[in-house]
1. Report whether or not TYR94 is under 30 Å from GLN160 (Cα atoms), among the hydroxyl-bearing types (Ser, Thr, Tyr) and either out of contact with any Asp or Glu (no Cβ under 8 Å at 6 or more places or on another chain) or at pLDDT 90 or above (or both).
2. Only one residue in ARG302, ARG306 is part of a helix (DSSP H, G or I) and under 30 Å from GLU6 (Cβ atoms), so which one is that?
3. Using the structure shown, decide if VAL59 is surrounded by fewer than 13 Cβ atoms within 10 Å (Cβ to Cβ) and aliphatic (A, V, I, L, M).
4. Restricting attention to the range 474-498, and to residues there that are without any contact (Cβ under 8 Å) to a residue 60 or more places away in the chain and open to solvent by less than 10 Å² (accessible area, probe 1.4 Å), which single residue is farthest from TYR377 (Cα to Cα)?
5. Looking only at the range 536-548, count how many residues are crowded, with 21+ Cβ neighbours inside 10 Å and assigned to a helix (DSSP H, G or I).
6. Determine, yes or no, whether LEU82 is crowded, with 21+ Cβ neighbours inside 10 Å and outside any helix (DSSP H, G or I).
7. Would you please list the contacts, defined by Cβ atoms under 6 Å and residues six or more apart or on different chains, that run from a residue in the range 183-210 that is within 20 Å of SER520 (Cβ to Cβ) and of a type in the set (Ser, Thr, Tyr) to a residue that is open to solvent by 30 Å² or more (accessible area, probe 1.4 Å) and in a helix (DSSP H, G or I)?
8. So which residues in the range 6-38 are surrounded by 20 or more Cβ atoms within 10 Å (Cβ to Cβ) and either in a strand (DSSP E or B) or charged (D, E, K, R) (or both), if there are any at all?
Amino acid sequence: MPALSELDDFDLCLRKPDAVYCIVDLELLEDDTPLYQYIKNYSSLSYKNYKHSKLHRGVCGSQNCGLNLTHANATEITAETLKNCFNATIHQRYGLQVDSLSVRYCKTQNDYVPPDTLDYIVGVLILLLLLVNLGCTAYYYFWPPENGKGNRYMLAFCLQKNWKALKYGGNAEGGIFKGFQALRFYTMVMILGLHSMIFIGYGYTENPEFIENSYDDFFKALLFNARIIVQIFFVMGGFLMAYKMLVYAETHQFTLKTVPMAIVNRWFRLIPSVLVVMGLAMTWVPHLGSGPMWDAVVKRERDMCRSNWWQLVILMPNLFPFEHLCLPQAWYLGTDTQLFFVTLIILLIIWKWPRSAVPLLFSVMAISLLIPFLQSYFMKLLPIRVSIFPESIRDIFGYNDTFYHAYVSAQGNWAGYHLGVLTAWFYHKAQTKKWNLGESWLLKVLFIISVPVGFGTVLMGWDLHHREASVFESAIFNSLNQNFFAFAMCVFIIGYFYKCNKLYVGSVEWGPLQPLGRLSYCAMLLHATVLRTYGGQMRRSFYATDYTAIMLFAGIVCTTYLLSLPLHLFVEAPACSLQKILFGPKRPNKKEVEVNGNVKPGISSVSVSTVSTHI
């Protein structure tokens, strides 16, 4: 078969002043030749193979196809000239013909775009942010406050304080929630592994069979279905939100006014880091390099962010077409925000009518499982595992109904989030009733098998890449697969709280994992930009092997977390401190204590600010 993708040498081509380098996609003309029929049959297994009748090329048009600077604007004349050029070479080598050809863009020596007004505005704002951090840091370095007290607003931007908090954490991250930091880090590393494989699948890889054969490989198949590990984020999000609201409601009035307060508080916690990463993506990152794919992956994100920035500002990106998202990895924020709002209303109803807790919580659980089933059945969606197929990766999951409706939607992840809510309700009840679950042999057994069960759910649907699932089977899979994993994580969390197994507890309480877990939100926001800039500057096709894939994965993990450190210290940590100042702990008044009962020691410091769900 003709090579699926090829890149001519980018720098060698553009050495000449009149050189033109074009990125094109072309479709082969269907005919009765044995080779085309073989390509057609091979590509028909779309769940694991690329569409090999659709080829992708980076061609030095001036050298190989007679283009000149008049063709640089990618007009119809450019496309026709390149089509004739490829038609001749492909027919000569393979006996095939080109049916259609589209030009994405063409590059020349003089296509540099200088910084514009928005670039300078964003640059000045980020510089001011850095100066504020450095100024406050210097002030408290040379004039440390007496008795450890100082201006709270200045201390929010003090690097010494934020560095200490990153290393050792605060009360919210310590105690019973200490293990959550390690779970965040483990989850983020697995997601980076999946996205590294997607990067290889999207890029100009010389050996596409590496991706195609990965669906048959045990370890690589784990990565391709590692998307269910994001359920850990939803389980923890639901747990933290529900548990802290239950504790808050013990000593405070929980009314309808609490809902907008919690939403504004959450927005204030999440949006500063989003704005900085989005601002850099739409301004200065595109000026950091060049390459044959630079416009396709880096400048494309700039254009998407400049057009659709508001989708992120309102924290609802998952409601819009995935292929047009700015920072598409931030779909999680939209999904989590919607589930956060729905759960607030549910908890408010439970607080008003306590007897409704059990029937309401379990009714919502049933509904959250039923909706994905009905949606998959009537929309005839694929199993979610199969939605990450090679050609969909090529299209950045655009026009993939399964990915949009089942993977990134709120209803597709509601059950996992609500399982976290149920776990919080159960754990809070266990504390209230003083159940000694640490001595339960059943919980100890369930805790031990929760991890193997979690891995087992990743393997579910192993054979779905080799056959076509029925509509009913797909609906069952989409309703239960990721929620089995979420349930296993809920059992793990309860077992962890009661220290039912030293090995498991030690694996999530290891000291070095705590600061890495606190960097995970910044890592989530940054890692796709790191992958884009790496892929955009590649000059030649990428030859994938197990070794190069591991090195890519390790490099992306290290680079992402190194860049996450300054983002956390200069942006996220100050935002968290300001959040506590603005929405900070308030002791309940006398009336609230009389209504809600006696105040428990240490509980009065819990406020609506603690409701913020950390990724």
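1. No; evaluated as a whole, the condition is false for this residue.
2. Unique residue meeting the criteria: ARG302.
3. So VAL59 does not fit the description; no.
4. Among those that are without any contact (Cβ under 8 Å) to a residue 60 or more places away in the chain and open to solvent by less than 10 Å² (accessible area, probe 1.4 Å), it is GLY495.
5. Looking only at that region, the number is 1.
6. Values: crowded, with 21+ Cβ neighbours inside 10 Å: yes; outside any helix (DSSP H, G or I): no.
Against the criterion (crowded, with 21+ Cβ neighbours inside 10 Å and outside any helix (DSSP H, G or I)), LEU82 does not qualify.
7. SER196/PHE553
8. LEU7, TYR21, CYS22, ILE23, VAL24, LEU26, LEU28 - these are the residues of the range 6-38 that are surrounded by 20 or more Cβ atoms within 10 Å (Cβ to Cβ) and either in a strand (DSSP E or B) or charged (D, E, K, R) (or both).
The values are calculated or read from the model by the stated rules, or taken from the named source; none is laboratory data. These figures come from a predicted structure and were not determined experimentally. Glycine gets a Cβ as well: all are built from the backbone with ideal geometry, and neighbour counts include every protein chain shown. To get the accessible areas, we keep the full protein, side chains included, count just its heavy atoms, and leave off ligands, DNA and RNA. Shrake-Rupley method; radii C 1.70, N 1.55, O 1.52, S 1.80 Å.
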